[in-house]
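Asker: The structure that follows is given in the form of structure tokens.
The values are calculated or read from the model by the stated rules, or taken from the named source; none is laboratory data. Everything numeric in this text was worked out from a predicted model, so none of it was measured. Note that we place each Cβ from the backbone using ideal geometry, even for glycine, and neighbour counts take in every protein chain shown. To get the accessible areas, we keep the full protein, side chains included, count just its heavy atoms, and leave off ligands, DNA and RNA. Shrake-Rupley method; radii C 1.70, N 1.55, O 1.52, S 1.80 Å.
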Amino acid sequence: MSAVKSAGLSVTELEQRLGCRLPERSADGQARSAALMADSWDDRTPTSLVAYTSAGSVAIIANREVGEDLVTRQGETLKCTLLIPRVDDASQPGAIADAAGGSGEGGSTRSIYAALAGVSGYLGQFTVKGRVGGEVVDIAPSLLTAHKPFDIVLDLGEPAQLECEMLPPGYFAPGTDGEALERALAEIPELVGEFDKPRYFNYNPDICAHGASGIRACTRCIDACPTLAISSAGECIEVNPYLCQGGGSCATACPSGAISYAFPLAGDLLASLRRVLADYYQSGGLAAQVLVYDGDSGREWLRQHAESLPENIIPCEVEEIGALGMDVWLCALAYGAVAVTMLCMPGTPPSVRRELEEQRLFAAAILQGMGHDPDGIRLREASDEAALMSALGEASTGQALEAATFQPQNEKRTNIRLAVEHLYEQAPAPAETAPLPAGAPFGELLVNDKTCTLCMACVSVCPASALSDGGSEPKLNFIEWNCVQCGLCESACPEDAIQRHTRFVYDPRLRRATRVLNEDKPFHCVSCGKPFATTRVIESMREKLSGHWMFQKPEAVKRLEMCEDCRVKDMFKDGGGLLDAHDDA
Ligand code: SF4
Ligand code: SF4
């Protein structure tokens, strides 16, 4: 499937798309309108859909007084079950029991006392667990209810059963916020029927650095997800598409591009950005700045501030700002933006802010290493209006670089490479390499050639083809550009001979060159002459086993210098040298 080129927008359509009218007082403002109208920004390669079905069975978790009031308000149209939390007490006749006065099974509402032990799931598929005499059971089957599992949960417990930065669809935990409760009560009746949403991510396990050979390495997407939709599944990760709400910080955090944002694809978004920036300059605009904001509260912010913003600001609305990382920011600069500002709204989850800030520091270090302004990429709080406006005002005087002509790709590291190569060509103070903060996804490996035995344990776990062996020669090869600094090799090395070192190499030849990290002479079997190990491995074995009782006789030591076949033959020759050694002990 591929995106279809847009035909452009009318003035009214542009206004509808942005949610406001942008001023055109200056040449920049006029160029901006012309550029934004020339491209609809919605050329998106389709993605599959994730479907939810809800029959409207609501679990209300609340104390009896509050809960019964809510049941009265919602119970007319929905099947409500009031779950009144209580402490599990095995001495009570049943830790999950009908509350006196409940309307009982078969009615539209029911009140239950339960020692709650957690909620999991999403709209149409919630499981509520309860504890009975120390055992955790699923409450819905225990109730023998006809409507199970629960479709919706309204949780007024303190604390709520589910605590994550972004709650799953169908779960409401307004706490003590009265307005949030009223919003939930208004929304819940609407959540009956069939719903769908885009599947926001693509995942390629072949290049995932989560684990190998029983070693756990990268967990960046798991740590960055505000909905707890991602979990470890052996050597890969697993994303629950029903919990995923498209926050996108997993894709931003992923060092290898194994998980990527699917709606829009990076290539589609960048193609639009590239066209708009090119049209803006062709229409006479100067020093374009890109302002990235979310389509929810960010859109409202733009509506309120459109009149007072510098007119060289190109609005870029996305579903979630967390989905845009280093690749998009650097490409935007390469396509001619003087600055990219990510607008954080009060509701932006802390994990998304953390991830964006970390990525911003990596990008700033890469820009700095070329002599470009490291503040060309900024994260700004909408709540700090003075700082935001001052930053947007300062960038308005910047000088745009010659715009890059490369086609954007859907592969993150390729986009970063293409953008940096272009920015490097116009670098005011180009360095050969730049140091990057710890955790950055670029860098080299430092191998201690005194302790490395060239066992190739590191090669076998590397998910990025950064490490390779030398075929018939004992050699450890490395391509720096491929390395995502996941640390799998470091953990797999039995000799602790590997250390990671984050940096960015600008010279494409050096970055992509195959470097030999360690090599040795092959050791030939003293019996048949076949090369079977490295000289250093044999020397190390000799040294390590020199005090062992089995290797005190010269013929036993000689066997260390034999290939496996010759060693076995030698052991069973004339009664077996191994038995001789044992007899001596
Ligand atoms: S490589 Fe990417 S997808 Fe794999 S665990 Fe790390 S962040 Fe997640
Ligand atoms: S060389 Fe090591 S750190 Fe780099 S990608 Fe391969 S396993 Fe990960």
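Asker: Residue by residue through segment 497-502, which ³J(HN,Hα) values in whole Hz follow from phi under the Karplus form 6.51 cos²θ - 1.76 cosθ + 1.60 (θ = phi - 60°), with glycine and proline marked x?
Answerer: Result, rounded to whole Hz: 8, 10, 9, 8, 9, 6.
Asker: Counting helices only, and only those DSSP H runs with n ≥ 4, report the 222 nm mean residue ellipticity of the chain as the sum of -39,500 (n - 2.57) divided by its residues, in deg cm²/dmol to the nearest 500.
Answerer: Theoretical 222 nm ellipticity from helices: -9000 deg cm²/dmol.
Asker: Continuing with the same structure: Once a ≥ b ≥ c are taken as the square roots of the eigenvalues of the Cα gyration tensor of segment 155-201, is the result rounded (a/c under 1.5), prolate (a/b larger than b/c) or oblate (a/b not larger than b/c)?
Answerer: Taking the square roots of the gyration eigenvalues as a ≥ b ≥ c, segment 155-201 is oblate.
Asker: Starting from the amide H of THR534, placed 1.01 Å from N in the peptide plane, find each other amide H under 5 Å away whose residue is 5 or more places distant or on another chain.
Answerer: PHE523
Asker: Mind giving me the nanometre distance, one decimal, between the label points for LYS450 and ASN204, set 7 Å out from Cα along Cα→Cβ?
Answerer: For the pair LYS450/ASN204, the computed spacing is 4.1 nm.
Asker: Is the chain best put as rounded, prolate or oblate by its Cα gyration tensor, with a ≥ b ≥ c the root eigenvalues, rounded for a/c under 1.5, and otherwise prolate when a/b is larger than b/c, oblate when not?
Answerer: Judged from the Cα gyration tensor, the chain comes out oblate (a/c at least 1.5, b/c at or above a/b).
Asker: Read phi for every residue in segment 227-243 and hand back ³J(HN,Hα) as whole Hz from Karplus 6.51 cos²θ - 1.76 cosθ + 1.60, θ = phi - 60°, with x for Gly and Pro.
Answerer: 9, 6, 7, 10, 9, 7, 9, x, 8, 10, 10, 10, 10, 7, x, 7, 8
Asker: In whole Å, how far is the Cα centre of segment 397-421 from that of segment 483-541?
Answerer: Between the Cα centres of segment 397-421 and segment 483-541 lies a distance of 34 Å.
Asker: Go through LEU467, THR451, THR502 and say which Cα lies farthest out towards the positive end of the charge dipole of segment 443-519; charges sit on Cβ, +1 for Lys and Arg, -1 for Asp and Glu.
Answerer: THR502
Asker: Roughly what % antiparallel, to the nearest 5, for the DSSP beta bridges in the chain? Walk me through the intermediate numbers first.
Answerer: Numbers: 47 of 79 bridges.
Taking every DSSP beta bridge with both residues in the chain, the antiparallel ones total about 60 percent.
Asker: Also: Given R₀ = 41 Å, FRET efficiency for GLU194-SER283 by Cβ-Cβ distance, to 0.05?
Answerer: Values: r = 45 Å, r/R0 = 1.09.
Calculated value: 0.35.
Asker: Right, something else. Quick check: residue separation of LYS530 and ALA438 times 0.36 nm, minus the Cα distance between them. What number comes out in nm?
Answerer: Working it through step by step, the gained length comes to 28.7 nm.
Asker: Any idea how far the Cα center of segment 10-31 sits from the one of segment 58-81, in Å?
Answerer: 47 Å
Asker: Amide H to amide H, which residues 5 or more places from ILE313 or on other chains are under 5 Å from it, using H placed in the peptide plane?
Answerer: GLN289
Asker: Now a separate question. Quick one: ranking PHE532, PHE406 by accessible area, 1.4 Å probe, largest first, what do you get? Write out the running numbers ahead of the final one.
Answerer: Details: PHE532 65, PHE406 35 Å².
Most to least solvent-accessible, the answer reads PHE532, PHE406.
Asker: A further question follows. Using a simple spin-label model with points 7 Å from Cα along the Cα→Cβ vector, what separation in nm is obtained for LYS553 and GLN499?
Answerer: Between LYS553 and GLN499, the simple spin-label model gives 4.5 nm.
Asker: Next question, about the same structure. Ignoring everything but the protein chains, give the 1.4 Å probe accessible area of TYR122 in square angstrom, nearest 10.
Answerer: Answer for TYR122: close to 40 Å² accessible.
Asker: Then there is this: How large is the dipole of the chain about the Cα centre if only Lys and Arg carry +1 and Asp and Glu carry -1, each at its Cβ, rounded to the nearest 20 debye? Don't skip to the end; give the middle numbers.
Answerer: Numbers: 50 positive and 80 negative charges, 279 e Å.
Charge dipole of the chain: 1340 debye, to the nearest 20.
Asker: Grab the beta carbon distance between GLU300 and ALA431, set R0 = 60 Å, and tell me the FRET efficiency rounded to 0.05.
Answerer: Plugging the Cβ-Cβ distance into 1/(1 + (r/R0)^6) gives 0.90.
Asker: Using a basic spin-label model with each label point 7 Å from the Cα along Cα→Cβ, how many nm lie between ARG542 and ARG512?
Answerer: Taking the two extended label points, one gets 4.4 nm.
Asker: Quote the charge dipole size of segment 443-519 about the Cα centre in Debye, to the nearest 20; the model charges only the Cβ of Lys and Arg (+1) and of Asp and Glu (-1).
Answerer: Values: 8 positive and 10 negative charges, 64 e Å.
The calculation lands at about 300 debye.
Asker: Rounded to the nearest Å, what's the spacing between the alpha carbon centres of segment 209-225 and segment 307-374? Just the number, please.
Answerer: With segment 209-225 and segment 307-374 each reduced to a Cα centre, they are spaced 26 Å.
Asker: Could you list the GluC sites (Glu not before Pro) in segment 155-248 that lie in coil according to DSSP, counting only those with at most 13 other Cβ atoms within 10 Å of their Cβ?
Answerer: GLU163
Asker: Skipping prolines and chain starts, which residues have an amide H placed within reach, meaning under 5 Å, of the one on TYR52, given they are 5 or more residues away or on another chain?
Answerer: Excluding prolines and chain starts, which carry no amide H, the hits are PHE195, ASP196.
Asker: Can you give me the relative contact order of the chain as a percent, contacts being Cα pairs under 8 Å and 6 or more apart?
Answerer: Numbers: 1199 pairs, mean separation 65.4, N = 585.
Reported as a whole number, the value is 11 percent.
Asker: How charged is the neighbourhood of GLN30? Take every other residue with its Cβ under 9 Å from the Cβ of GLN30, and add Lys/Arg as +1 and Asp/Glu as -1.
Answerer: Net charge around GLN30: -1.
Asker: Another question, then. Within the chain, which is the longest segment containing none of the trypsin sites (Lys or Arg not before Pro) that sit in a DSSP loop and have at most 14 other Cβ atoms within 10 Å?
Answerer: By the stated rule (loop sites, at most 14 other Cβ atoms within 10 Å), 26-449.
Asker: Please state the relative contact order of segment 199-261 as a whole percent: Cα pairs under 8 Å, 6+ residues apart? Please list the in-between numbers first.
Answerer: On the way: 107 pairs, mean separation 27.6, N = 63.
It rounds to 44 percent for segment 199-261.
Asker: Also, quick follow-up: In the structure shown, do any of LYS475/LYS544; LYS412/LYS450; LYS450/LYS530 have a Cα-Cα gap over 29 Å, and if so which?
Answerer: Pairs exceeding 29 Å: LYS412/LYS450.
Asker: Take the eigenvalues of the Cα gyration tensor for segment 144-233, scale each by 5, and report the square roots as semi-axes in whole Å, largest first. Walk me through the numbers on the way to the answer.
Answerer: Numbers: eigenvalues 219, 56, 38 Å².
After scaling each eigenvalue by five and taking roots: 33, 17, 14 Å.
Asker: Between ASP177 and ALA403, 0.36 nm times their residue separation minus their Cα-Cα distance comes to what?
Answerer: This chain segment gains 76.4 nm when fully extended.
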